[in-house]
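The structure appears below as structure tokens.
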Amino acid sequence: MKLHDTLPFVSSEFYYFIAIAVCLFLVAKIGFKKWISYRWLLALVIFSFIVLLCPKPIQFGFLIVYLYLALLLLRKFYKHQNIILPMLVLATPMIFMKTLGVFPEDTKSTFIISAKNIIQIIGLSYIIFKVIGLYIDERRSATKIAFVDFFNFTAFVPSLLIGPLDRFQRFNSDVKNGYENITAELFLQGWSNFIKGLLFKFIIAEALHRLILSHLTDDGTITYHLLYMYTYLFYLFFDFAGYSLLAIGFGNFIGINVPINFDKPFLAVNPKEFWKRWHKTLGDWLNDYFFKPIFKYFTTKQIFTSIQRQSIALFLTFSLMGFWNGFKLHYILSGMLFGLYSVTHNYYIYKCKVAGKDVVFGKLNPILVKIISIILMFNSVAFAIYLFSGKIL
Amino acid sequence: MSISKQIIKNTLIYFLLIFGYMYLYLVDIDQILFPQENMEVKSKIDFVYQQF
Amino acid sequence: MEEYLIKKIEAIAFTKIKADEQLWASGILDSINIIELAVELENELKIQIPFDEIIIENFQTIASLAEYVRKKQQND
Amino acid sequence: MSAKSNRMIKKLFLFHLIPFTLAGLLICGALIWISACTETYRGSTYIISGEQVRTKGVYDNLIYGDQAELDFIASLKNKNQLTIFGSSEFTDAPLCSYNFLPDSLGIQSLGIGHAHHQCFSILCELLAASEYVAKSKICIVLSPSWFHTYGTNTEAFAEFVRPHFIEKIVHEKSIDNKYKIAIGKYIHEHRNEFTGISNGMAFLKDEYCLAEGNWLDFINASLHKKLVSMHQNSFPIQNIIYQPKLKNMERKEWVADKNKTMQGLQQTFLSSITTNKLYVNDEYYNLYVKDADGNEDLGKIKEIDLDNNQELEDFKLLVDFLVHYKANCSFVIQPINPYYYQYADRNIPLIDTLTKILDKHNLPYLNMYAPTKEAYDPGVLKDVMHLGDYGWMKINYFLDSLYYEHQ
């Protein structure tokens with residue numbers, strides 16, 4: 001066993017952990033329901049992962065405790081409707097980490113190295129987003145949030161590393177259902193997700209990487225760039241979607257309906273649909289906790305014209321996504337590019353609505369329009385993801 | 001989804017899983033497709049000269 | 001109330017709607033104009049609609065929206 | 001049984017067990033089809049021939065290419081030559097046996113080794129030369145410190161057990177399978193410590209997994225073996241043939257007086273020490289023994305669990321090999337400096353075990369181990385554990401009288 005060096009779904013050791021955890025839940029469901037409640041068993045499993053396998057368990061513990069205390073204090077003393085301050089308080093560790101990420105890997109400064117060492121915790125960005133969502137959703141309810149529920153939600157091992165981003169209410173309703181949720185049906189569904197995830201991540205993504213990406217040499221030709229761009233897009237999709245499916249599958253095994261993250265994204269006809277199909281949980285998060293409040297604020301204050309407000313809010317939202325990925329130029333530009341796509345598409349929809357007809361395609365056959373849209377969207381995404389990869393910057 | 005379609009889909013998934021495992025992890029398909037010189041194997045760990 | 005809401009939505013979405021239309025599923029409302037609608041309702045009906053209550057459940061149909069607005073008016 | 005669980009079982013069968021079985025059948029079909037398509041194995045032989053160059057001195061490593069390998073093989077093939085295996089005591093000093101014997105007596109000899117060159121890597125090198133080992137003059141200089149490690153480390157293995165050696169071992173049919181399995185076991189257990197697994201290493205690893213591995217290793221190894229045999233041209237294991245042309249040097253007469261030389265060397269060493277009473281040379285003492293505050297930082301010998309000692313197992317296998325292949329071999333057991341190391345007597349069970357094994361097979365050895373300060377002959381070691389000139393000269397006399405005096 002590689003102690004303190006096992007990332008979820010990456011090292012083979014983790015799969016032993018899954019097997020043991022699933023067995024524990026099954027045994028508990030059959031025989032020990034009265035002895036240990038579901039939420040405590042879940043906490044125990046997560047805790048043992050963090051203590052035994054997770055890198056930097058102490059830092060991780062500090063992070064969770066910091067976030068819980070911050071949450072408690074905010075809920076008790078901060079009665080204002082404005083959510084900017086709470087968001088900043090909760091996001092501080094993440095902002096700190098992303099800032100440190102700007103420094104080059106081979107920096108000589110021992111301060112930066114040790115600071116990086118302390119704050120770079122797996123899944124930090126995802127944990128922070130989950131906690132911000134939790135704060136906003138629950139800020140008007142008086143129900144107490146128990147630490148064990150908070151811990152289970154934020155440190156839920158399957159979605160710890162790169163999502164999917166769950167919501168506290170949804171997650172906790174599954175936890176409350178507890179052992180009732182562990183059914184043969186959900187288990188089989190989990191198994192289907194799991195094998196699909198294995199196929200995506202460890203076979204298809206791995207093959208794309210080993211057989212194509214690693215053999216491409218940058219000779220500056222357009223062929224190289226195009227080949228790299230498309231292959232990287234598929235590689236990223238299969239790797240990421242595969243990971244999400246594994247997380248969903250593992251969640252299903254132990255009775256948690258982890259939300260779907262990817263749904264045939266390359267069939268999207270426009271940016272709006274794309275974000276419902278590609279990393280959906282992040283798209284939803286950004287919409288609910290960033291776009292909505294900021295756009296509502298603009299609208300209430302009547303800043304600029306309607307279409308300008310929409311464009312600015314959209315652009316800011318996707319720029320935030322870029323920054324969230326890391327304070328690196330290629331992440332930020334790629335986020336902005338996605339913002340630009342959405343702004344353009346939104347402007348086009350606006351124009352169509354005003355004119356009462358399709359201002360670009362006119363009366364073209366709808367099937368043909370759909371095909372053209374898919375091709376256009378696919379290539380736009382490919383380019384933005386290529387930018388994201390950092391290969392051209 | 002119809003039953004037969006689901007069966008075919010899962011057959012394909014299992015087939016690719018096993019086949020991919022064999023050719024990506026058991027043997028390196030790279031070596032079959034792109035023949036190369038026998039590699040030089042080294043130790044990943046540098047042992048420091050130590051006394052007991 | 002229902003009449004008023006239909007007019008509002010038609011103006012915002014540039015389209016004609018029926019009284020029992022599924023506003024979200026049919027794409028009449030989307031994440032952008034749903035907020036514009038909420039802000040206009042806030043201003044004209046003098047109610048407060050926090051951004052995290054602008055969700056599909058409250059805006060699904062004319063009926064559910066009307067009920068939500070009435071509840072808000074009673075509270076204020 | 002409820003309708004719901006019936007439905008689940010049906011689902012499990014229809015969507016998982018049947019597809020899995022079908023996929024298995026398809027895999028078999030695919031394998032048959034692929035093996036029909038691939039060309040038959042051509043096989044390849046690699047011949048390394050040439051003049052033996054080194055008849056004296058030391059190879060601290062065998063990574064210097066074909067000539068180093070050839071010199072090593074030649075050293076064993078040449079029955080006049082003495083091959084000496086050892087570790088960190090091997091330096092360029094003129095009194096080291098592989099320098100002194102050729103220079104002063106005209107006895108050809110070659111040293112092989114640097115730190116961490118331990119029993120298992122020595123065994124593997126000898127296996128590669130197994131066809132020449134019979135009657136070869138071989139001396140193995142053992143360090144007690146080897147038995148305080150986890151056995152040969154992967155760095156030494158990669159540096160001494162060269163790819164050609166592995167390939168040679170794979171192809172050599174006369175080598176008993178137990179040795180091949182032992183190498184396979186080593187590779188399997190250390191597989192994550194190598195940057196990769198060569199074709200030859202993979203072959204030996206499979207041999208082990210098929211013979212002694214658990215069911216998972218067994219399945220993997222069988223599949224791997226099948227796949228490799230289907231694509232043998234992509235995973236070639238060359239048949240290595242060494243054809244060294246041997247060289248012989250002229251013998252010289254021994255001139256010096258044995259006792260005088262010895263005393264002289266010991267006195268010179270002892271009088272050169274000015275900083276300590278530990279019989280450690282000044283340079284080493286200042287560098288490693290003295291800590292920052294000027295205090296002596298002494299070492300401690302730990303107890304060894306001889307029932308679970310990898311190096312001891314390797315040693316037994318090495319002796320077993322040398323006896324079985326009728327090598328003309330001898331051993332030197334080096335001391336440690338008991339003035340520096342406390343509890344040097346904790347190694348007594350180890351030394352007893354080693355000597356018992358050697359006695360059982362009537363193998364000659366020179367035991368220099370001293371468990372107490374009183375038993376220690378100052379100057380044998382130049383520092384805490386490395387042979388000095390005096391110690392090397394003792395070995396020179398031992399080797400000369402053992403192998404050459406009566407010729």
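Observations, loosely collected:
- Boolean, D:D92 is in a helix (DSSP H, G or I), touching a residue at least 12 places away in the same chain (Cβ under 8 Å) and charged (D, E, K, R): no
- Complete set of residues in region D:54-85 that are assigned to a loop (DSSP other than H, G, I, E, B) and on the phi < 0 side of the Ramachandran plot: D:R54, D:T55, D:K56, D:D60, D:N61, D:L62, D:I63, D:Y64, D:N78, D:K79, D:N80, D:Q81
- Applying the criterion of at least 2 residues that are assigned by TED's automatic domain parsing to the domain that holds A:F32, among the polar types (S, T, N, Q) and buried (at least 18 other Cβ atoms within 10 Å of the Cβ) to the helices (runs of 4 or more DSSP H) found wholly in region A:85-178 leaves A:147-154.
- Hey, C:E40 within 14 Å of chain A (Cβ to nearest Cβ), within 12 Å of the chain's Cα centre (by Cα) and modelled with pLDDT of 90 or more or not: yes
- Answer from D:N6, D:N61 - the residue that is touching a His at 6+ places or on another chain (Cβ under 8 Å) and over 30 Å from D:M262 (Cβ atoms): D:N61
- Of all the numbered requirements in (1) surrounded by 14 or more Cβ atoms within 10 Å (Cβ to Cβ); (2) out of contact with any Phe, Trp or Tyr (no Cβ under 7 Å at 6 or more places or on another chain); (3) of a type in the set (S, T, N, Q), D:N248 misses one, and that requirement is (1).
- Highlighted here are the helices (runs of 4 or more DSSP H) found entirely within region D:310-407 that include at least 1 residues which are within 23 Å of D:G264 (Cα to Cα) and at pLDDT below 95: D:389-399.
- Where helices (runs of 4 or more DSSP H) sit wholly within region C:29-76, those with at least 2 residues that are within 26 Å of A:K353 (Cα to Cα), out of contact with any Pro (no Cβ under 9 Å at 6 or more places or on another chain) and free of Cβ contacts under 8 Å to residues at least 60 places away in the same chain occupy C:33-45, C:56-59.
- Being aliphatic (A, V, I, L, M) and modelled with pLDDT of 95 or more is a property that A:L364 lacks.
- Taking the criterion of being under 18 Å from the mean Cα position of the chain (by Cα) and small (G, A, S), the residues of region A:310-327 that qualify are A:S319, A:G322, A:G326.
- Checklist (1) under 23 Å from A:L337 (Cβ atoms); (2) within 14 Å of chain B (Cβ to nearest Cβ) applied to A:H209, failing item: (1)
- Qualifying residue in region D:9-22 (condition: part of a helix (DSSP H, G or I), at negative phi, among the hydroxyl-bearing types (S, T, Y) and without any contact (Cβ under 8 Å) to a residue 60 or more places away in the chain): yes
- Output for region D:192-231, where each listed residue is surrounded by 18 or more Cβ atoms within 10 Å (Cβ to Cβ), aliphatic (A, V, I, L, M) and closer than 23 Å to D:A156 by Cβ: D:M201, D:A202, D:L204
- Only one entry of A:K351, A:K276 meets the criterion of being surrounded by fewer than 23 Cβ atoms within 10 Å (Cβ to Cβ), in a helix (DSSP H, G or I), among the basic types (K, R) and within 17 Å of the chain's Cα centre (by Cα), and that entry is A:K276.
- Candidates A:N252, A:N193, A:N177, A:N181, filtered to the one that is away from chain B (no Cβ under 14 Å) and modelled with pLDDT of 95 or more: A:N252
- Qualifying residues in region A:289-312 (those that are part of a loop (DSSP other than H, G, I, E, B) and over 30 Å from A:E138 (Cβ atoms)) - the one nearest to the other protein chains (Cβ to nearest Cβ): A:Q302
- Summed over region B:1-15, the residues that are within 12 Å of chain A (Cβ to nearest Cβ), surrounded by fewer than 18 Cβ atoms within 10 Å (Cβ to Cβ) and in contact with a helix residue (DSSP H, G or I) (Cβ under 7 Å, 6 or more places away or on another chain) give a count of 1.
- Number of the condition not met by A:H80 [criteria: (1) more than 22 Å from A:F150 (Cα to Cα); (2) assigned to a helix (DSSP H, G or I); (3) not charged (D, E, K, R)]: (2)
- Of A:I222, A:I254, all but one fail to be of a type in the set (V, I, T) and either buried (at least 17 other Cβ atoms within 10 Å of the Cβ) or closer than 27 Å to C:I55 by Cα (or both); the exception is A:I254.
- Within region D:177-206, the residues that satisfy the criterion of being more than 18 Å from D:E125 (Cβ to Cβ) and free of Cβ contacts under 8 Å to residues at least 24 places away in the same chain are D:E189, D:R191, D:N192, D:T195, D:G196, D:I197, D:K205, D:D206.
The values are calculated or read from the model by the stated rules, or taken from the named source; none is laboratory data. None of the values given here were measured: they were computed from a predicted structure. Virtual Cβ from ideal backbone geometry, glycine too; neighbours counted across all protein chains shown.
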